[in-house]
1. Please find, among K126, K96, the residue that is within 12 Å of the ligand (Cβ to nearest atom), more than 13 Å from the chain's Cα centre (by Cα), surrounded by fewer than 15 Cβ atoms within 10 Å (Cβ to Cβ) and outside any strand (DSSP E or B).
2. Between G31, G79, G49, G21, which is surrounded by fewer than 18 Cβ atoms within 10 Å (Cβ to Cβ) and outside any helix (DSSP H, G or I)?
3. Take S115 and decide whether it is under 11 Å from R5 (Cα atoms), within 12 Å of the ligand (Cβ to nearest atom), touching a residue at least 24 places away in the same chain (Cβ under 8 Å) and among the hydroxyl-bearing types (S, T, Y).
4. Please work out if V89 is crowded, with 17+ Cβ neighbours inside 10 Å, part of a helix (DSSP H, G or I) and more than 10 Å from the ligand (Cβ to nearest atom).
Amino acid sequence: MAIERTFSMIKPDATRRNLTGAITRILEESGLRVVASKRVWMSRREAEGFYAVHKERPFFGELVESMSSGPTIVQVLEGENAIARNREVMGATNPKDAAEGTIRKLHALSIGENSVHGSDAPETAKQEIAYWFSETEIVG
Ligand code: ADP
């Protein structure tokens with residue numbers, strides 16, 4: 001199976017509750033390796049740009065507000081089947097639907113404050129990694 005890279009975020013609702021280590025540990029225990037990581041407090045403009053695909057959705061304003069409300073840990077994760085594996089360990093968008101043992105089941109507060117982000121496909125992973133990291137910041 002191919003080694004992939006995916007983009008992950010530990011969102012402000014989670015950094016606020018000091019869950020950076022707990023969430024990173026779950027990612028690492030699932031077989032993913034953190035090959036880039038930094039803490040950013042994104043501006044509204046950066047959040048709008050990152051989530052531009054959702055700009056017509058009713059929750060867009062709430063999403064931008066929440067993502068610019070505090071620090072986020074942006075990460076690149078590497079491993080076998082990293083995109084699907086990360087989505088699996090994150091759990092469903094709504095924590096009420098998330099499977100036992102997933103990050104969102106364990107830590108998310110609501111569908112809006114759901115603690116983590118993960119790319120959903122190879123093309124979005126590539127774009128999202130490039131949005132936050134230069135090649136020299138990724139050390140495999
Ligand atoms: P995922 O993060 O699981 O890929 P989506 O791409 O559908 O989910 O949505 C992006 C983010 O927008 C979600 O993680 C969540 O923070 C927010 N969001 C999605 N749906 C809603 C909703 N109905 N109400 C509030 N926020 C939402």
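1. Values: K126 fails: within 12 Å of the ligand (Cβ to nearest atom).
Criteria check complete, one pass: K96.
2. Result of the check over G31, G79, G49, G21: G31.
3. The answer is no for S115.
4. So V89 passes the test.
Taken together, the values in this text are just the output of simple stated rules run on the coordinates, not laboratory data. Quick caveat: nothing in here was measured; it's all calculated off a predicted structure. All Cβ positions, glycine included, derive from the backbone under ideal geometry; neighbour counts span all protein chains shown.
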